[in-house]
Amino acid sequence: MTAHSPDHLKGLVITGIGGLALTVDIPLIRLANGESWSILMARTGTTFLAALVIWAVWRAITPSAPKLVPGRAGLVVASLYGLGSICFITAVFHTTTANLVFILAFNTMFAALLSWLFLRERPRRATLAAMAAMTVGVLIIVWDSVGTGNLFGDLMAACSAVAVAAAITISRSSGEDMGFTSLIGVIIPFTIAAIMVGGSDTGFRIEEPWWIILNGAIIMPLSFYCLATGPRYITGPEVAMFYLLETVLAPIWVWMIFHEVPTRNSLIGGAILIVALVAHSVWQLMDGRKRRAATSVKHPV
């Protein structure tokens, strides 16, 4: 698949929409002002119901609607997205928004590493250099949290990034349409959250649930479907790149709404992450153009 093919362009547009929608996820969670397990239960429950309704309507219109969970690969992908949701919500309540999104941006390099290990898509030296720089950036962010309660949240953010990168890699490898699989996978965190809420003393507690309903019923289905569909048309690292929209925009939304200012180390580490990824993306674009130019010279039409 070439960089100018219709399928590649389609993948970029679909994944871009998903990445943009994802940027308002954390602000909506924070606006709901609730207990973490209650938030997770409401967010995943509404997402699951919305996915079933959308799929049922799609199925009624045309029999070519994608499968909810395509085979064993679909089960694994659903489980990984479910695990990622649990780690993500836990991180939201145990670290700063800036730390969370900066560390989640590392899923781009996790995806490249997993593609190398399991798909034999060996990264080039520039990619390895970017991975090294990003590792330094993440260590700076995490170091700022040592001795505070944020360290656990940072680790949960890293676990969420690994889970998402693994799901992207498996989706890419299978070639299946995993658009609804990521949405069905939320039944796992929903079940765990329901058990935790039922066994707690405080029970279900969300002060402004309409924000979570908006998030679970509209934002999550849109972003999850688009981001999970992307690997059908573009590579895993390319899909992971669109998660950078959340890295850049989510801290801005949170700063504007909650006046949460990132720490100095968080900004330094985040800047290293973003510069490394942007430089790597520019290099990929220029290298792709050189390769296409060389190919056109060797094989003139």
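Could you check the range 103-127 and list, in sequence order, the residues that are more than 25 Å from residue 265 (Cα to Cα) and of a type in the set (Phe, Trp, Tyr)? Across the range 103-127, the qualifying residues are 116, 118.
Under the condition of being surrounded by fewer than 22 Cβ atoms within 10 Å (Cβ to Cβ) and either assigned to a helix (DSSP H, G or I) or β-branched (Val, Ile, Thr) (or both), the residues counted in the range 171-189 number 4.
Residue-wise test of (1) modelled with pLDDT of 90 or more; (2) of a type in the set (Phe, Trp, Tyr); (3) open to solvent by less than 10 Å² (accessible area, probe 1.4 Å).
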residue	(1), (2), (3)
29	yes, no, yes
33	yes, no, no
52	yes, no, no
55	yes, yes, no
68	no, no, no
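When 101, 138 are screened for being in contact (Cβ under 8 Å) with a residue 12 or more places away in the chain, in contact with a Pro (Cβ under 7 Å, 6 or more places away or on another chain) and within 20 Å of residue 278 (Cα to Cα), only 101 passes. Just so you know, in the range 107-126 the residues that are buried (at least 22 other Cβ atoms within 10 Å of the Cβ) and more than 16 Å from residue 22 (Cα to Cα) include one that is modelled with the lowest pLDDT, and it is 109. When the range 161-170 is limited to residues that are surrounded by fewer than 24 Cβ atoms within 10 Å (Cβ to Cβ) and of a type in the set (Gly, Ala, Ser), the one that is nearest to residue 95 (Cα to Cα) turns out to be 163.
Residues in the range 108-128 that are without any contact (Cβ under 8 Å) to a residue 12 or more places away in the chain and assigned to a helix (DSSP H, G or I): 116, 117, 125, 128. Among the residues of the range 27-62, those that are free of Cβ contacts under 8 Å to residues at least 24 places away in the same chain and in a helix (DSSP H, G or I) comprise 52, 53, 56, 57, 58, 59, 60, 61.
Checking each residue in the range 199-213 for being open to solvent by 70 Å² or more (accessible area, probe 1.4 Å) and either modelled with pLDDT of 90 or more or closer than 20 Å to residue 32 by Cβ (or both) picks out 202, 204, 205, 207, 210, 211, 213.
Taking every residue in the range 242-265 that is open to solvent by less than 60 Å² (accessible area, probe 1.4 Å) and pairing it with any residue that is among the small types (Gly, Ala, Ser) and at pLDDT below 80, at least 6 positions away or on another chain, the pairs with Cβ-Cβ distances below 6 Å are 244/105; 247/105; 251/98; 262/98. Since residue 73 meets every condition but one in (1) more than 20 Å from residue 247 (Cα to Cα); (2) at pLDDT below 90; (3) in a helix (DSSP H, G or I), which condition does it not meet? Answer for residue 73: the failing condition is (2). Look at the range 181-207: where a residue is without any contact (Cβ under 8 Å) to a residue 40 or more places away in the chain, no partner that is outside any helix (DSSP H, G or I) and open to solvent by 70 Å² or more (accessible area, probe 1.4 Å) sits 6+ places away or on another chain with Cβ atoms under 7 Å. Does the range 236-257 include one or more residues that are part of a loop (DSSP other than H, G, I, E, B) and on the phi < 0 side of the Ramachandran plot? The answer is yes, given that some residue of the range 236-257 is part of a loop (DSSP other than H, G, I, E, B) and on the phi < 0 side of the Ramachandran plot.
The values are calculated or read from the model by the stated rules, or taken from the named source; none is laboratory data. None of these values were measured; they are calculated from a predicted model. Quick reminder, even Gly has a Cβ in these numbers, built from the backbone with ideal geometry, and neighbours come from all protein chains shown. The area values use the complete protein model at the heavy-atom level, side chains included, leaving out ligands, DNA and RNA. Shrake-Rupley method; radii C 1.70, N 1.55, O 1.52, S 1.80 Å.
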